[in-house]
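See below for the structure under consideration.
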Amino acid sequence: MSAPRLLVAAALAASLAACSGGGASSDETPSAPAAGAPAEIKERQDNFEAIGDAFKAVRGELEKDAPDFALIAAKANDINTRAQSIGGLFPAGTSTEDGFKTEALPAIWQKPEEFKTAQQKLVDESAKLASLAGGGDKAAVAAQAMAMGGACKGCHDQFRLDDKK
């Protein structure tokens with residue numbers, strides 16, 4: 001693999017780790033929420049897991065010599081749709097402060113405008129990725145995939161418990 005391709009692959013891997021959470025789910029522990037937990041906890045867990053899976057598919061395509069840009073656009077559109085629903089998946093009463101095991105930090109509820117801004121960044125970056133994929137420029141699409149991964153990381157840094165430190 002050439003040095004530029006290796007650098008792009010490494011950068012995409014770092015972005016993927018942010019978007020996918022590096023494990024089973026970006027929001028919750030691998031196990032299902034406890035009985036009596038609000039349905040939104042399971043719904044948001046599934047939503048973030050699907051976002052991570054879609055981002056992995058984008059990364060996989062970008063590792064190919066001839067990526068399927070239609071697939072990248074479809075996955076970016078899926079991420080965009082899912083990103084638009086994030087705000088509704090964190091109603092009051094679903095945090096660790098309410099007794100639920102979740103990686104969603106209380107900052108989500110304490111700083112709702114900042115959380116909304118972070119959500120919107122993912123919406124915007126995934127829309128840009130879907131748009132760029134239509135052009136078929138691998139370098140531009142790879143750069144935008146990294147920007148989208150940065151949106152994931154930015155939100156995780158502020159609003160998600162990193163229990164792997």
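The values are calculated or read from the model by the stated rules, or taken from the named source; none is laboratory data. If you're wondering where the values come from, they're calculated on a predicted model, not measured in any experiment. Every residue, glycine as well, gets a Cβ built from its backbone with ideal geometry; the counts of neighbours run over all protein chains shown.
So the values come out like this:
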{"quantity": "Listing of helices (runs of 4 or more DSSP H) fully contained in the stretch 93-165 that carry 3 or more residues being in contact with a Phe, Trp or Tyr (Cβ under 8 Å, 6 or more places away or on another chain) and not aliphatic (A, V, I, L, M)", "calculated": "138-159"}
{"quantity": "Test: Ala18 is closer than 30 Å to Glu97 by Cβ, hydrophobic (A, V, I, L, M, F, W, C) and modelled with pLDDT under 95", "calculated": "yes"}
{"quantity": "Among the candidates Ala54, Ala66, Ala76, Ala50, residue that is over 16 Å from Arg160 (Cα atoms) and outside any helix (DSSP H, G or I)", "calculated": "Ala66"}
{"quantity": "Any hit, the stretch 126-141, residues being free of Cβ contacts under 8 Å to residues at least 40 places away in the same chain, hydroxyl-bearing (Ser, Thr, Tyr) and under 17 Å from Gly154 (Cα atoms)", "calculated": "no"}
{"quantity": "Matching option when the condition is part of a loop (DSSP other than H, G, I, E, B), modelled with pLDDT under 90, touching a His at 6+ places or on another chain (Cβ under 9 Å) and not basic (Lys, Arg), among Ser31, Ser26", "calculated": "Ser26"}
{"quantity": "Failed condition for Gln110, given (1) within 12 Å of the chain's Cα centre (by Cα); (2) within 26 Å of Gly36 (Cβ to Cβ); (3) not hydroxyl-bearing (Ser, Thr, Tyr)", "calculated": "(1)"}
